[in-house]
Every structure is written in structure tokens, then in C-alpha cells.
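The values are calculated or read from the model by the stated rules, or taken from the named source; none is laboratory data. Note that the coordinates shown come from a computational prediction; the quantities given were computed from them, not determined experimentally. Every residue, glycine as well, gets a Cβ built from its backbone with ideal geometry; the counts of neighbours run over all protein chains shown. Note: accessible area is taken over every heavy atom of the protein model, side chains too, but ligands, DNA and RNA are not part of it. Shrake-Rupley method; radii C 1.70, N 1.55, O 1.52, S 1.80 Å.
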Amino acid sequence: MCTGGCAKCLGITLIPLAVLCTLANILLFFPGGKVVENNQNITDEVWYFGGILGSGVLMIFPALVFLGLKNNDCCGCCGNESCGKRFAMFSSIIFAAVGVLGAGYCFVVSAVALNRGPKCNDGKDWLYPFQDGDYLGNHTIWTMCKSPETIVPWHLTLFALLLVMSGIQAVLCGIQVVNGLFGTICGDCKCCGCCGGDGTV
């Protein structure tokens, strides 16, 4: 597959992942699917906006750039012949790096949140009743959280999804870094002959 076509496939995959990460982060603002009376009772890591900023907003820019590479002018852009497919592929490496950073941020925030556990009410006060991820393998201690109901599986499921999806995003952006290097050095096969001459790019 040509480098432009590969980039387009990556972009098509990144957009729904970015949307899903954003939705997952938004749902985390409603512990157990309910509205809390005090925002301070929401788990701290939710306010870091890992899914909204890291794997959401910061991922949209690389995705759009990747999508545009397929149709980018092979010989130049905006009438400037020095700006062509090779330069576009090189610029995609920079955007891919931004994507890796955004996904990495979301991945780290999600990992910390999973290890720390949710903030919940133990019947007396709002606190973090779990330590060092001990609740992950011991479902019996989930009862330490009296409210909101189902806060533990809610927290666990959504942050686990963010962890997995951000990991996939990081891998896809990493692939584009390699793909972009190939495109910068070798050009794109769709460009062969479009400039006239000997068919080189």
C-alpha cells in the first residue's frame, strides 16, 4: 500500500477512537451514571481530561492530516512546487508525534486512575478506599464503596477502555511515523509520473 493510502487508513481509524475516548471521559463525570451534587466528589483523574484532550482533541489534528495526505498534490501545494508529497509526509511525522504524546498522556492518566481506584462514599465520607490497585483482583472489597452505586465497575470499565484505546492510538501514530519516514525518503507511489519528466518524485 502506498504511504498516502496507509496514512488515510490510519486517519479513518483514529477519528472514531478519538470520539469514543471523548465520550468515555464525559461519562466519567457521572459516577455510576448519576449526577453528583459536589464536583469535588468526582475522581481527580477525570479532571485531567485524558480522554477529552489527550486522546480526543490532540488526536483529531493528526487524524485530519493523515486523511488529507491521500489527496495532497504530488508536485506542489498552493502553487509552490517546493511543497509536495514528500514535505507533506514529513509534516505528518510531526503530527503523528503530537498524537503519540496525546495518547501517551491519556494512557498514563488512565493507568494511574485504575491503580488508585474511584473516589466514593464509604458511608461516612468521600475518599479513595482502595490502595495500589488491590480492588482489581478482589471484588469482595468493592462493597467498601456505598455510593454512588456501581461506581467501581463504572470507573474500572471506562478507564480500562481509555487505557486500551489510547494504547491503540499511540501504536497507530507510531506506525505513521515510520510510514511518514518512508514517504519522505521514497515518495508516494501514486505520485510517480504526475510531475512529468522521468516519473520520479
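Here is the figure for the range 104-143: residues that are under 30 Å from C173 (Cα atoms), hydrophobic (A, V, I, L, M, F, W, C) and assigned to a loop (DSSP other than H, G, I, E, B) total 1. Just one residue in the set G123, G133, G183 is more than 22 Å from the chain's Cα centre (by Cα), open to solvent by 40 Å² or more (accessible area, probe 1.4 Å) and of a type in the set (G, A, S); that residue is G123. Residue-level analysis places C75 among those that are at pLDDT below 95, surrounded by fewer than 24 Cβ atoms within 10 Å (Cβ to Cβ), farther than 30 Å from V152 by Cβ and touching an Asp or Glu at 6+ places or on another chain (Cβ under 7 Å). Taken together, the residues in the range 89-103 that are more than 19 Å from T13 (Cα to Cα) and either out of contact with any helix residue (DSSP H, G or I) (no Cβ under 6 Å at 6 or more places or on another chain) or not in a helix (DSSP H, G or I) (or both) amount to 1.
Step by step: first the residues of the range 97-119, then only those that are surrounded by fewer than 24 Cβ atoms within 10 Å (Cβ to Cβ) and of a type in the set (A, V, I, L, M), then the one that is farthest from N25 (Cα to Cα). Which residue is that? Among those that are surrounded by fewer than 24 Cβ atoms within 10 Å (Cβ to Cβ) and of a type in the set (A, V, I, L, M), it is A97. Looking only at residues of the range 23-39 that are surrounded by fewer than 19 Cβ atoms within 10 Å (Cβ to Cβ) and at pLDDT 95 or above, we find that the one that is nearest to M165 (Cα to Cα) is L23.
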